[in-house]
Amino acid sequence: MAQDRPRWGIVSTIKAPLREIADFAAHHLDLGAHRLFLYLDDDNPSAFEALKQHPRIRVFRADPDHWRSANRPVKHQARQTANARHAYLRKAADIDWIAHIDVDEFLWPYKPLDDQLHPLPADCLCARIRPIEALSSDGITDIPAGHTCFKAMSNDRALRQRQSEAIYPTYGGFLNGGFLSHVAGKLFFRTRIEGLSMKIHNIQLGEVQNPGQVELDQTELCHMHAQRWQDFIKSYRYRLEQGSYRPALAPNRPRETGGMSMHELFTYIESTEGEAGLRAFYDETCRATPDLRARLDAHGLLRCHDLDLDAKRARHFPDLA
């Protein structure tokens, strides 16, 4: 494109209340997103009407009654990919880079994203952003108001495993960096590349996966995967059967070294200890106790950020403030 600085945007398939969608949108508009492509996975007329008023948002109804064809994919992951492809091929002509992220994920750049994307070489078609996973502050009194603490992880797999076992003494050996959800992160990838195909965590061009990939190491992805126990247990059954803990996903480490998939681990805990066992797991791995924060900090893996979502929502959606 003719402008000096690259324009970037986000595509997301969303099933959430309007306020959560507005928080997600406002945060990324505040960062400088040129365009947001938001696909509403359920029939949410109030969200559709509120979001379509914003000049930098393109919002689409993607529930069963408004899908683009007669063949709406059954699985949520397949709908995410289909919507990302629709945005990429038909709607993203005025941006240079696009990222597919979820409503509970918030980009956290340590310098402007266009400054990070601008110097990437032409043969770099994608840039990976690694996640940090939110910790719960419920009942914790020494975290500043408005701040969320996160656990980070090392990109070196062997070091990550050693750190996981040291930081989470009971369950770390079964987890990948202590994370409950993905460690792959998400990609920014260039638009207008003929023949490019995409999945949730990767892209493909011909026979090459993630051509020219670099790590965008000055940005992290704040993943609010299990920020509160109530949210974790509410989502647990769906995630266990169809989501990020589903049976099809592989173990985080080889089975010959004691590896279990998240589905196997949670099924074992629940069958032997019930919900109390799940709560003990959550408290060790997801609750921002002083001891857990100290262990994370000792390994350089503690992050604390104020997302300031109320202020951002008021700026971009004053009618919802």
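Among the residues of segment 110-125, how many are among the aliphatic types (A, V, I, L, M) and surrounded by fewer than 14 Cβ atoms within 10 Å (Cβ to Cβ)?
The qualifying residues number 1.
Answer yes or no: is there a residue in segment 67-80 that is more than 30 Å from E241 (Cα to Cα), touching a residue at least 12 places away in the same chain (Cβ under 8 Å) and surrounded by 18 or more Cβ atoms within 10 Å (Cβ to Cβ).
Within segment 67-80, none of the residues are more than 30 Å from E241 (Cα to Cα), touching a residue at least 12 places away in the same chain (Cβ under 8 Å) and surrounded by 18 or more Cβ atoms within 10 Å (Cβ to Cβ).
Do you know which of the residues in segment 185-202 that are in contact (Cβ under 8 Å) with a residue 24 or more places away in the chain and small (G, A, S) is farthest from Q213 (Cα to Cα)?
If we take residues in segment 185-202 being in contact (Cβ under 8 Å) with a residue 24 or more places away in the chain and small (G, A, S), then S197 is farthest from Q213 (Cα to Cα).
Sort out which residues of segment 236-246 are assigned to a loop (DSSP other than H, G, I, E, B) and not hydroxyl-bearing (S, T, Y), and write them in order of number.
Listed by number, the residues that qualify are Q242, G243, R246.
Restricting attention to segment 98-105, does a residue exist that is touching a Gly at 6+ places or on another chain (Cβ under 6 Å) and closer than 25 Å to Q213 by Cα?
Yes, segment 98-105 contains at least one residue that is touching a Gly at 6+ places or on another chain (Cβ under 6 Å) and closer than 25 Å to Q213 by Cα.
Against the definition (over 24 Å from L296 (Cα atoms) and outside any helix (DSSP H, G or I)), how does L249 come out, yes or no?
yes
Which fully enclosed strands (runs of 3 or more DSSP E) of segment 161-235 have 3 or more residues being of a type in the set (D, E) and either modelled with pLDDT of 95 or more or surrounded by fewer than 14 Cβ atoms within 10 Å (Cβ to Cβ) (or both)? Walk me through it before giving the result.
On the way: elements: 186-190, 196-198, 203-205, 214-223.
Output list reads 214-223.
Which condition breaks for L113 when tested against (1) out of contact with any Pro (no Cβ under 9 Å at 6 or more places or on another chain); (2) at pLDDT 95 or above?
(1)
Sort out which residues of segment 243-255 are under 23 Å from A276 (Cα atoms) and either surrounded by 15 or more Cβ atoms within 10 Å (Cβ to Cβ) or among the hydroxyl-bearing types (S, T, Y) (or both), and write them in order of number.
Passing the criteria: G243, S244, Y245, R246.
Output the residue which, of all residues in segment 16-38 that are free of Cβ contacts under 8 Å to residues at least 60 places away in the same chain and surrounded by fewer than 23 Cβ atoms within 10 Å (Cβ to Cβ), is farthest from L221 (Cα to Cα).
P17
If you scan segment 155-209, which residues turn out to be aromatic (F, W, Y) and closer than 15 Å to A127 by Cα?
Those that are aromatic (F, W, Y) and closer than 15 Å to A127 by Cα: F188, F189.
Where residues in segment 139-168 are over 16 Å from H305 (Cα atoms) and acidic (D, E), which of them is nearest to the chain's Cα centre (by Cα)?
D156
If a residue must be closer than 14 Å to D217 by Cβ, within 22 Å of the chain's Cα centre (by Cα) and aliphatic (A, V, I, L, M), how many such residues does segment 110-138 contain?
Residues in segment 110-138 being closer than 14 Å to D217 by Cβ, within 22 Å of the chain's Cα centre (by Cα) and aliphatic (A, V, I, L, M): 5 in total.
Just one of S46, S12 is surrounded by 15 or more Cβ atoms within 10 Å (Cβ to Cβ), of a type in the set (G, A, S) and either touching a residue at least 12 places away in the same chain (Cβ under 8 Å) or more than 28 Å from A248 (Cα to Cα) (or both); which is it?
Testing whether each residue is surrounded by 15 or more Cβ atoms within 10 Å (Cβ to Cβ), of a type in the set (G, A, S) and either touching a residue at least 12 places away in the same chain (Cβ under 8 Å) or more than 28 Å from A248 (Cα to Cα) (or both) leaves just S12.
Of the numbered conditions (1) more than 15 Å from D291 (Cα to Cα); (2) part of a loop (DSSP other than H, G, I, E, B); (3) out of contact with any helix residue (DSSP H, G or I) (no Cβ under 6 Å at 6 or more places or on another chain), S154 fails exactly one; give the number of that condition.
The failed condition is (3).
Of all the residues that make up segment 128-151, how many are of a type in the set (A, V, I, L, M, F, W, C) and either without any contact (Cβ under 8 Å) to a residue 60 or more places away in the chain or in contact with a helix residue (DSSP H, G or I) (Cβ under 7 Å, 6 or more places away or on another chain) (or both)? Break it down stepwise before answering.
Taking segment 128-151 first, the residues of a type in the set (A, V, I, L, M, F, W, C) are 129, 132, 134-135, 140, 143, 145, 149-150.
Keeping just the survivors that are either without any contact (Cβ under 8 Å) to a residue 60 or more places away in the chain or in contact with a helix residue (DSSP H, G or I) (Cβ under 7 Å, 6 or more places away or on another chain) (or both) gives 135, 145, 149.
Residues that pass the stated criteria total 3.
Residues in segment 135-143: is at least one surrounded by fewer than 19 Cβ atoms within 10 Å (Cβ to Cβ) and touching a Phe, Trp or Tyr at 6+ places or on another chain (Cβ under 8 Å)?
Among the residues of segment 135-143, at least one is surrounded by fewer than 19 Cβ atoms within 10 Å (Cβ to Cβ) and touching a Phe, Trp or Tyr at 6+ places or on another chain (Cβ under 8 Å), which makes the answer yes.
Which members of segment 138-162 meet the condition of being within 18 Å of F281 (Cβ to Cβ) and among the small types (G, A, S)?
G139
Which residue, of T267, T285, is assigned to a helix (DSSP H, G or I), of a type in the set (V, I, T), surrounded by fewer than 18 Cβ atoms within 10 Å (Cβ to Cβ) and at pLDDT 95 or above? Before you say what the answer is, go through the steps one by one.
Numbers: T285 fails: surrounded by fewer than 18 Cβ atoms within 10 Å (Cβ to Cβ).
Sole residue among the options that is assigned to a helix (DSSP H, G or I), of a type in the set (V, I, T), surrounded by fewer than 18 Cβ atoms within 10 Å (Cβ to Cβ) and at pLDDT 95 or above: T267.
The values are calculated or read from the model by the stated rules, or taken from the named source; none is laboratory data. Keep in mind that this is a model prediction, so the values were computed, not measured. Counting neighbours? That spans all protein chains shown, and the Cβs are built from the backbone with ideal geometry, glycine included.
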